[in-house]
Amino acid sequence: MKKFTLGILMLASVIVAKAQDATYKPFKVDLALGYAIPGGTGAKGGVLFALEPKYAVIPNVSVGLRMEAAVMARGQVDASGNSANVDVKAAGSYLLTGDYYFTSTTVRPFAGLGLGLYSLAAASVSDNGSSASASGGSKFGEMIRAGVEIAHFRVGLEYNFVPKTTTEVIVGSTKSEWSSKNSYMGIKLGFFIGGGKN
């Protein structure tokens, strides 16, 4: 009788566990708004917007394309470590992404990464009453992230690794080299369309 009771309890626990798991529709589109925190001396945070269509290649793994614009002031410093006043500009990114979901329940913690191009706008640098332009351009970079999805809402923390930019600035007869840290952290809150339970 004990073996029978134990067998019934084990079967019930498997049924409950399976009932908590869910299968999700494979295609969805993430929309997010957040705060961008750039690194470096003189940097100022700003707002970011992201759009990311995704497809679940297997139930717990999805791949996607993240398109993001982050409006912020990248810090500019010279060789002596002096910072300059920098305009707020947008940085765009286009990354191939992959996320792993640790559960298939309503609350789904995840971790992910991305690789792709970051497009940096040229910024105006001013120091000691003089101003010049610091070049922009494109850089290949990486991103790591973690967060949680609850129903159709998503909260995440991302760090974008973007190589620094070095610019030679000539003001009058004075030539100096300025560098900008382009990496930034993003704190995001958003929702997704599609991807609901089957």
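See the values below:
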item	result
Cross-link pairs beyond the 23 Å C-alpha cut-off, checked among LYS28/LYS181; LYS89/LYS188; LYS28/LYS188	LYS28/LYS181
Potential lengthening between VAL47 and LEU96 on full extension [0.36 nm per residue; Cα-Cα distance subtracted]	15.5 nm
Radius 11 Å from Cβ of VAL162, net charge of other residues (Lys, Arg +1; Asp, Glu -1)	+3
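A short reminder: the numbers here are calculations on the coordinates, not readings from a lab. What you see is a predicted model; the values in this text were computed from it and never measured. Glycine also receives a Cβ, built like all others from the backbone with ideal geometry; neighbour counts cover every protein chain displayed.
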